[in-house]
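See structure below.
Throughout, read-outs are computed from the coordinates displayed, never taken from laboratory work. Source: prediction; values computed, not measured. So basically every Cβ, Gly included, is an ideal-geometry build from the backbone, and we count neighbours across all protein chains shown.
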Amino acid sequence: MTPAALVGAFWEDLYRRDWEAVAGYFGDDSEYTDVPTPPEDVARGARQIVDRLRVGLGPLASIGHDVLTVVADGDHVVTEHTEHWEWPTGERAALPFVSVMRVAGGRIVRWWDYWDLGTLMGAAPQWWVEHIMAESARVGLRTEG
């Protein structure tokens, strides 16, 4: 599977929130971070990556995305996309992202997401922010800046 095809399949599994399938795209040395968070806030390995994703995306009523551009160069895949988040309490957000991934050995080994924290925080309900803080602490993810 080409890096672009692997990343495309990953997006499908992520937006279905198939956490077991999502874990299969990462190895022990894989890294994921949201660039707006502190530089040391990096999830490492499949378990940490899935924990981090599940904390934020799990409570949503729905999530999807519109792909605008995909650029693949060797083992790197850059996806420009807009995620559409909806919380069960009715709030919605359209979040522009640029996701930069490096694929090696059939796994995503590096995933850096570039997006605007203010856009998310302006739309997110307070209960979800509190959930993020509590669950991140519970599963050992960083939440402080």
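Some notes on this structure:
- Packing-based ranking, highest mean first, of 2-14, 22-34 given that Cβ atoms within 10 Å are counted: 22-34, 2-14
- Rounded to 5, percent antiparallel among DSSP beta bridges of the stretch 3-132: 90 percent
- Within the chain, longest stretch clear of exposed trypsin sites (Lys or Arg not before Pro) (DSSP loop, no more than 15 other Cβ within 10 Å): 18-141
- Nearest 10 degrees, 0 to 90: helix 126-139 Cα axis against the chain principal axis: 60 degrees
- Altogether, the Stokes-Einstein calculation at 37 °C and 0.692 mPa s, with the Kirkwood radius of the chain over Cα pairs as Rh, returns a diffusion coefficient of 212 µm²/s.
- The chain: angle of helix 3-15 to the longest principal axis, Cα-based, in degrees nearest 10: 20 degrees
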